[in-house]
Each structure stands twice: as structure tokens, then as C-alpha cells.
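Laboratory data are not the source of any read-out in this text; all were calculated from the coordinates shown. All of these numbers come straight from a predicted model, not from anything done at the bench. Virtual Cβ from ideal backbone geometry, glycine too; neighbours counted across all protein chains shown.
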Amino acid sequence: MSGGFSIDLSEVRHLVHTLEHAEERMTRATDQLRDASFTDLGHPHLDKAAEEFQDDWEDGIDEISDLTGDIVDGLRKALKVYQELDEGVRDTLGGGDQGHVASSIGPDPGSSIIQQRLEGN
């Protein structure tokens, strides 16, 4: 690498996948907490504190979940723009299919034409 900018598309795709599943897990955890009964704890103050915690937890998880969804959307857009840029550079420099970046969010077939050019190939 020549010290320039590079992006590992497979790592970005993996991050998108991880964040999507994190959002699902947070939603499931919130649903399970909502279904839990705190009235069995015994003391009214403890019951009240548990209910307040549950409300705060739900609000926080909902906010994190929304932000995670926004991050996933942003990463998908960034991947699309990078792929379009890479294809444009490839076409302009006559790179043919060499270094072509996958057109969908799936397995990364190899380094991009931009990365190859930065490496002097």
C-alpha cells in the first residue's frame, strides 16, 4: 500500500451485518424486559425502582436501536458510493473486470481498482 486511503469492503459489510443483528438483539432484550413482572420483588419501593429502570432501559435501547439503524443505512450508502466510484475509475483507467468490486453487499471478490492503483499495480 502506498500510504493512501483504502477501505476493506468485506470488513464494512461485516460491520453492517453485526450492527443489524445488534439492533435485533436489543429489541428482543427490551421485549423480554417489558414482559418481566417486578411486582414479585416484595417491597413497594423496590417495585417502583424496577419499573422506573425498565422505562429508562426501554427509552435508552430504543434510542440506541434507532441510531444503529441510521449507522447501517449510512454504511450501506457509503458502500454504494464507493462501489460506483470504483467502477468509474476502473472504466476510466481501462481496468476491465480486474479489481471489480461486488455490486451488492456480499462477499468481497478482492481488492478494488483504486487500491491496486494506489499500490502501483
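Go ahead and run the numbers for FRET between LEU33 and ASP8, Cβ-Cβ distance against an R0 of 30 Å, rounding to 0.05. Efficiency computed from Cβ-Cβ geometry: 0.25.
For the pair ASP56 and THR18 in one chain, pulling the backbone fully straight at 0.36 nm per residue adds 11.2 nm over the alpha carbon distance.
How much length would be gained if the chain were fully extended between HIS43 and LEU67, taking 0.36 nm per residue of separation minus their Cα-Cα distance, in nm to one decimal? Intermediate values should be presented prior to the final figure.
On the way: separation 24, 0.36 × 24 = 8.64 nm, distance 3.61 nm.
So the chain would gain 5.0 nm between HIS43 and LEU67.
Couplings for the range 24-31, taken from phi via the Karplus curve 6.51 cos²θ - 1.76 cosθ + 1.60 with θ = phi - 60°, read 5, 5, 5, 5, 4, 5, 5, 4 Hz in order; Gly and Pro are left as x.
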